[in-house]
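> Attaching a single structure in structure tokens format; questions to follow.
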Amino acid sequence: MDWSKTLVKEEINFEADKKGRKLSYAAAIREALELAMTSDERVFIMGQGVDDPVGMFGITLDLHKKYGQERVFDTPLSENALTGVAIGAAVAGMRPVYMHNRPDFLLLAMDQIVNHAAKWSYMFGGSVRAPLVIWACVGRGWGGAAQHTQTLQGLFMHIPGLRLVMPTTPYDAKGLLITGIADNNPVIILEHRWLLRQSGYVPEGLYSIPFGCGVVRRQGKDITIVAISYMVVEALGAARELEKQGIDAEVIDPRTLRPLDEAIILESVKKTGRLVVADTGWKTGGVGAEITALVAEKGFEYLKAPVRRVTTLDIPTPASDVLEAKFYTGKADIIVSCSEIMEKKVTK
Amino acid sequence: MDWSKTLVKEEINFEADKKGRKLSYAAAIREALELAMTSDERVFIMGQGVDDPVGMFGITLDLHKKYGQERVFDTPLSENALTGVAIGAAVAGMRPVYMHNRPDFLLLAMDQIVNHAAKWSYMFGGSVRAPLVIWACVGRGWGGAAQHTQTLQGLFMHIPGLRLVMPTTPYDAKGLLITGIADNNPVIILEHRWLLRQSGYVPEGLYSIPFGCGVVRRQGKDITIVAISYMVVEALGAARELEKQGIDAEVIDPRTLRPLDEAIILESVKKTGRLVVADTGWKTGGVGAEITALVAEKGFEYLKAPVRRVTTLDIPTPASDVLEAKFYTGKADIIVSCSEIMEKKVTK
Amino acid sequence: MKSIKVTSPIVFSVCRGDIPKELLREFYRTMFWIQKVELKINELYHEDEMKTPVHLCLGQEAVAAGVCLNLNANDYVFTNHRGHGHYIAKGGNIKAMVAEFYNRETGCSRGRGGSMHLVDTAVGLLGSSSIVGGGIPLATGAALASVLRKDNRVSLAFFGDAAIEEGVIYESINFAMLKKLPVVYVCENNLYSVFSHLSKRQAQDDIYRRFIGLDIPIYRVDGNNVVAVYRAAKKAIAQARDGGGPSFIECRTYRLKDHHGTGSGVEVGYRSQEEVDEWVARCPVKNYERFLLEQRLLTAVEIKQFTDAVDREVEGVFNFAHASPLPREDEVLDYLYQ
Amino acid sequence: MKSIKVTSPIVFSVCRGDIPKELLREFYRTMFWIQKVELKINELYHEDEMKTPVHLCLGQEAVAAGVCLNLNANDYVFTNHRGHGHYIAKGGNIKAMVAEFYNRETGCSRGRGGSMHLVDTAVGLLGSSSIVGGGIPLATGAALASVLRKDNRVSLAFFGDAAIEEGVIYESINFAMLKKLPVVYVCENNLYSVFSHLSKRQAQDDIYRRFIGLDIPIYRVDGNNVVAVYRAAKKAIAQARDGGGPSFIECRTYRLKDHHGTGSGVEVGYRSQEEVDEWVARCPVKNYERFLLEQRLLTAVEIKQFTDAVDREVEGVFNFAHASPLPREDEVLDYLYQ
Ligand SMILES: Cc1ncc(C[n+]2csc(CCOP(=O)(O)OP(=O)(O)O)c2C)c(N)n1
Ligand SMILES: Cc1ncc(C[n+]2csc(CCOP(=O)(O)OP(=O)(O)O)c2C)c(N)n1
Ligand SMILES: [Mg+2]
Ligand SMILES: [Mg+2]
């Protein structure tokens, strides 16, 4: 298959149009994998449990039966080597998708991801490339605790040579995964377990969503909320509440963090003059820092008030549910941050 | 030894006073190690080549002869396990210093650093702790290229539970290392190879520099340059040039990035109204992003102009010296950034 | 690949007096305690009051007991996500453990860690990692600490068969051999990692052979036979304590419950009822109980008394945990740094 | 630990006709080329025009030649920081390699990689990693690609003795055995990692034994004997190509120069002149040349002609490199993404 054909430039927002069928988030991703495997022999799937009876939250369910154990296979717990295996296969012309049920385990593979995948094209002057997808689903809740709930986009966003994708809707999860498999570079896709509960309208067949192209999830004029992954859900909830208080918030979902759709953020802040960034990860040195810095650099003249970051607390995730409730932020915190900066006098 | 005794709160800037002897940067660090090993039996040093005839740029030279091969030992190239070994020894009551001649190799140890060391205290409600120092020296130049010159502070700054230290002067390198060894938490110290060429006034004996305590390297009223590690040298050079153009730059060296001395930065920006962050690492999602975001959040009302980040380009380090020259930024870039934002009209 | 079913009967070979009677009874009591606590979790887990993913070690009680009863209180242990048994066998505070399952402030990790992160420094349990293989270098490092201090302690790492797939174990064992560290590596080979059988993950299933090339002393035992485990561990630990360096022990065993939670795995479909039944028949506690009764090392009456006592105590433990206070929200940031 | 000195003479055992004469001469030519290029670098490096840290493979020529002369042009190779010899033996474009040392736009990596990052996709050289062990899983993955495509290629990973200390090699070999991948792992055991002798890093020095537990076919050869290397590699590669899975080859050898640059290491002090001299006497090229002369497979005249020709060509290569344009500053951002 010629992947470039699927790389439509103009994206139709199927959700808004309610075209396609209503599909669960997991089914949407599974469909993307199925379509990719059908159309491109080079695509294969690997990961712990991808061929087990549960099939990675249902996402890879029975794919091994359809495409064979060679193309959909379980892996040993050797995350660093297996990442290297995926890279090596990619460099040799394949299109591997390596799936993890948690990003925490990617920390074992940082050498292959950062020292190898991210650098392979540049380091060799473009004569080789590593088109692979690393997919992982962020955990949350039920005392998953410090080693099973990390989000880690704050780390990957820092690495030149990687693509970093964080979908929010079933429509995006499918389209971005297709784009990721078609992309000629290493792509990291971080899903969120709580989004897996969602369902939405998803068109049939292959379609792709260009990287670096955010969407306005809600139009508003008073304040811009840039929300990442599951925080889009919280931000939309917050926006509805804020509306009652007479605050009209615009919610932006960048969908990909590397490349980042700077224009959509800057345009929105130009209109609203205010920015809140809501991220599922840690605050310090995280995604919220980069988006804030972007606006402080390139959109400073638009800003009427301090920026606020709504993130998890800067601690390892605690197990206890009462502490989890403090650790994670959401709708209420976004509302507080928005209200606070709406009140700020413009002192300049 | 009771380490708390060395943790003087008031730090004397010996450099300014020119007290102590003039010492090379390497000798200053070596002295810190020697003093720590003499005063505390729990301290030991490990790392590739720490006991070889070159002794890690001279920093560990002959320490194994003085303290024995048990306390100063070479390591296999097993960065993840050996980091775990250091953590395990620390949890069991020792104070290991694990030295690497390049931070790039730490990517192999991210699991032990991030999933283990950084979380050990919190995850167990404070009943255990991992007081270890991981020391690495950033490479630069002579075509070291993509896998031997990474700075990586952008990654470590994001991790709660770690301390992150980047000294600039021999005085600081010694004092901060002593503080690091005395600290009850995992500490990452990133040195810079080019700073190793420096020498400076260093007092004899044990002294320590509190973490989270930056210094003003140069006073100025027009613009604040927050410079990290080797960029302090470049920033001071830039400030001297800027002075000729009638721009009076203040140069701040945070010395530790986690904890970060927020007050010293905010106070300076309060005075100058302008901020340039100069970092040795990548731009996107790096240290510059965090410091910019800090000011956009907490010092917004002071800001008179957009912030600028002076960093390396967002690519793997190229080998060729002509490309290296583009990749790295320095004095000239700082001057341009400062001049640019000095000219910016305050449009608010 | 050789069959990895262990269908042979469990033979407890004890020669007159070579293991003190009291110790033989202690094996039983320890395993029994572990089993009881696990069964209690199994019984109460559906209440959703233990908001933490539990990994029961039912079926693997003999490894924990057989190994840990060789240890001194100040010897070090690092364990993994399936650590309840090791915690109990090493003498950890059971109330604090169960309170941790209930995410209470009285939990061994003050409710910050949950079931996968148990700790009890009073008995040398320096922590548990839920990253597979993560605890292996830590135990190695603790052993290094002992060597540097010459304090004569031994360190233990418990881990599963999947940890063999992580490079860190080869790195760790090489270092331990290089430095002759007093550390014993105990692999509980229960044939599965989550739903994946060993044969899907490893090129050959004789795990113990993986380390032959490093000349580390290796033992392979029936992990459901507490006496066999004890004997191997005893040698390994004695050698470590005598400065003879590390050893590796592979214990063949089976988890009777699902990877986590209270199912059997049969309903998920990755293993059969027959396979589970075969291993139920090899239950390390029941079989050993039978042996003790046969040998008259224990009487039915004693068992009854003991059962009642443990039941009562376990009841108390869970009540304590349940009644304990939750962590305070305003202390959420505490313990990040010391 | 057994002595790791290899002081025995190099015996080239060739039975009448079992290796074609032309191939025996090709061994020589390949090794000779490698040696000449390395000597030229050694000669010119002080000029500081090659602004890249060179890791010479003088003394290790036989491994590259003996292995690579078994390979097809489309077979895959991944190498490490000490990759000049592998690049030449695999048939890589030598001009492009030397231009890379000079950081030129005509370099195989367009001046972005430098000496440690050689590539030539035309002959299956898919890249070189300067992270020790980094290329091992990559070669394993390329072999997986071949299996999936059924394209009958073989993949090779070259690495040093220190790579044995990295967990990734055990992870990779387990996977390769599990999937019976057509990959051959070639360890050049030159006894040192930078200034550290093997005995400071590994528990025992018979590296090949490290993998016995995985049942991977293992060869250990005198890495200074091109015929011995060739024979082992031939079997391993044939087995891989026939679907028989991976093999591991340990080649005992020695680098005559320092870890990087042009010293001998003696001046640094981590090894003795005697040790270096012993290995100079075991030079894989000189000894083999003597053998060919003895066997009349080569004449002194031919050697002279060949030497002159190579000298001229090498001169041309370095002139080309030196005269080539530097990368353009405004293209610094290119090639990050494709
Ligand atoms: C490095 C890593 N990869 C994956 C996981 C997910 N995971 C948690 S437990 C587990 C099973 C481990 O199996 P094993 O080591 O055999 O222990 P068992 O559960 O059988 O006791 C897996 C795969 C993990 N925790 N860490
Ligand atoms: C993971 C890692 N750790 C450390 C280094 C630093 N380093 C570069 S080459 C080298 C020596 C490697 O020795 P060996 O593998 O035996 O190869 P040789 O240089 O002897 O050919 C070392 C330690 C590195 N590049 N990568
Ligand atoms: Mg298991
Ligand atoms: Mg070597």
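Every number in this text was worked out from the coordinates using simple rules, so none of it is lab data. None of these values were measured; they are calculated from a predicted model. Neighbour counts run over all protein chains shown; Cβ positions are idealised from the backbone, glycine included.
> Under 5 Å between amide hydrogens, which residues at least 5 positions from A:R218 or on another chain qualify, with H placed 1.01 Å from N in the peptide plane?
For A:R218, the qualifying residues are A:V251.
> Same structure, new question: Shortest first and in nm with one decimal, please list how far the D:N152 label point sits from its counterparts in the other copies (point 7 Å along Cα→Cβ).
Those label-point separations list as 6.9 nm.
> Now a separate question. Just need the relative contact order of chain A here, percent rounded to a whole number, with Cα pairs under 8 Å and 6+ apart.
Over chain A, the number comes to 17 percent.
> Provide C:L144, C:L156 in ascending order of the number of other Cβ atoms located within 10 Å of each residue's Cβ, fewest first.
Ascending number of Cβ neighbours within 10 Å: C:L144, C:L156.
> Once you put a point 7 Å from the Cα of D:V268 and another 7 Å from the Cα of D:N319, both along the Cβ direction, what distance in nm separates them?
With each label point 7 Å from Cα toward Cβ, the separation is 3.5 nm.
> Now a separate question. Which of C:A142, A:A26, A:F211 sits farthest toward the positive end of the charge dipole of the protein assembly as shown, with +1 on the Cβ of Lys and Arg and -1 on the Cβ of Asp and Glu?
It is C:A142, whose Cα lies furthest towards the positive end.
> So which residue of C has the beta-carbon closest to the axis that swings C onto D, and how many whole Å away?
C:G167, 1
> Further, regarding this structure: Normalised radius of gyration for the protein assembly as shown, please: alpha carbon Rg relative to 2.2 N^0.38 Å, two decimal places.
Output field value: 0.91.
> At R0 = 51 Å, how high is the FRET efficiency between D:F306 and A:K65 if r is their beta carbon distance? Nearest 0.05 is fine.
Details: r = 60 Å, r/R0 = 1.17.
For R0 = 51 Å, the calculated efficiency reads 0.30.
> Kindly identify the range B:14-208 as rounded, prolate or oblate by the Cα gyration tensor criterion: order the square roots of the eigenvalues as a ≥ b ≥ c, call it rounded if a/c is under 1.5, otherwise compare a/b with b/c, prolate if a/b is larger, else oblate.
Here the range B:14-208 falls in the rounded category.
> Shifting gears a bit: So which GluC sites (Glu not before Pro) in the range B:143-248 pass both tests, a DSSP loop state and at most 15 other Cβ atoms within 10 Å of the Cβ?
Here the GluC sites (Glu not before Pro) that fit, given the DSSP loop and packing criteria, are B:E204.
> Based solely on its DSSP helices, what 222 nm [θ] is calculated for the protein assembly as shown when runs of n ≥ 4 H residues each add -39,500 (n - 2.57) and the sum is averaged over all residues, nearest 500 deg cm²/dmol?
When only DSSP H runs of four or more count, the value is -11000 deg cm²/dmol.
> To one decimal in nm, how far is D:K180 from the same spot in the other copies, if labels go 7 Å from Cα toward Cβ? Please give the shortest first.
For D:K180, the inter-copy label distances come out at 4.5 nm.
> Could you give the size of the charge dipole of the protein assembly as shown about its Cα centre, using +1 on the Cβ of each K and R and -1 on the Cβ of each D and E, expressed in debye and rounded to the nearest 20?
About 340 debye.
> Relative contact order (percent) for the range A:215-341, with alpha-carbon contacts under 8 angstrom and 6 or more residues of separation? Kindly include the intermediate steps, with their values, before the conclusion.
On the way: 243 pairs, mean separation 35.2, N = 127.
About 28 percent, as a whole number.
> Here's a follow-up. What longest range of chain C stays clear of loop-exposed GluC sites (Glu not before Pro) (DSSP non-H/G/I/E/B, at most 15 other C-beta within 10 angstrom)?
For GluC sites (Glu not before Pro) (loop position, at most 15 other Cβ atoms within 10 Å), the longest site-free span of chain C is C:50-266.
> Amide H neighbours of B:L257 under 5 Å, at least 5 residues apart or on other chains, H built in the peptide plane: list them.
B:L164, B:V165, B:M166
> Report relative contact order for the range C:1-84 in percent, whole number only (criteria: Cα-Cα under 8 Å, sequence separation at least 6). Spell out each step's value before the answer.
On the way: 26 pairs, mean separation 29.2, N = 84.
Dividing the mean separation by the residue count of the range C:1-84 yields 35 percent.
> Continuing with this model, one more query. Rounded if a/c is under 1.5, else prolate if a/b beats b/c, else oblate: with a ≥ b ≥ c from the C-alpha gyration tensor eigenvalues square-rooted, which is chain D?
Note, shape of chain D comes out rounded.
> Comparing A:G214, A:G143, A:G200, which has the greatest mean-square fluctuation in the GNM of chain A with Cα pairs linked when under 10 Å apart?
Sorting by GNM fluctuation, first place goes to A:G143.
> Put the label 7 Å from Cα along Cα→Cβ for A:K66; what are its distances to the other copies, in nanometres, shortest first?
Here A:K66 shows inter-copy label distances of 6.8 nm.
> Of the trypsin sites (Lys or Arg not before Pro) in the range A:190-244, which ones lie in a loop per DSSP and count no more than 14 other C-beta atoms within 10 Å?
Of the trypsin sites (Lys or Arg not before Pro), the ones in loops of the range A:190-244 whose Cβ has at most 14 other Cβ atoms within 10 Å are A:K221.
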